[in-house]
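Below you'll find the structure, written out as structure tokens, and then a few comments.
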Amino acid sequence: MAANPQERFGLAIHLSQARLQDTQPAEGARMQPERPLREGGSVGEQASNEEPRRPRGAPEVLAALLAGLLAAGAIAVDLATWMELNVSIAFTVPLVAASLSRSRKLLWTLTAILTASTFAIYALQIPPGAFHIGEVFFVDRVLSSATVIAVAILLAMRMRYLDR
């Protein structure tokens, strides 16, 4: 055994260098980073970078059904009313119900459907040859669809925050 502290320190450095050389991969070999096993996973089953999916409970399923029914009802009412009454401004209500389901896929699907139906219903209701870009009811529909998209963005941000 070494007598003075400098010799002991030198011996410790020599031993740690020897251990490092034993654990170094062969030249040209690539080391795979170790990933933790999933909780309850079997040997060799690696954890993915994705968060595990939360099981959907009854309230979330009911919120999704409510969102679908509200969207269908709002589209039907918009179809049944006259062009001057812009029911599409209420298309944000089904989006709020969709956000309660915590499903971003449902939220963005409803946003696309409701935005498309805003203009499709307008196209069905306008008299032939009456369309121009500055037409009041068209501008109203553009603003309405912008509101739907803005609300969807805010709700998606809220869902992302709650899922943390």
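The values are calculated or read from the model by the stated rules, or taken from the named source; none is laboratory data. Nothing here was measured: the structure is a model prediction, and the numbers come from that model. Surface accessibility is based on the protein's heavy atoms, side chains included, excluding ligands, DNA and RNA. Shrake-Rupley method; radii C 1.70, N 1.55, O 1.52, S 1.80 Å.
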Of every hundred units of 1.4 Å-probe accessible area on region 89-139, the number belonging to carbon and sulfur atoms, as a percent, is 78 percent
For region 95-164, the Cα gyration tensor yields equivalent-ellipsoid semi-axes (√(5λ), largest first, whole Å) of 31, 11, 6
Result for region 95-153: accessible area per residue, probe 1.4 angstrom, in square angstrom, of 50 Å²
Extension length gain for Leu79 and Leu154 (0.36 nm per residue less Cα distance), in nm, is 24.3 nm
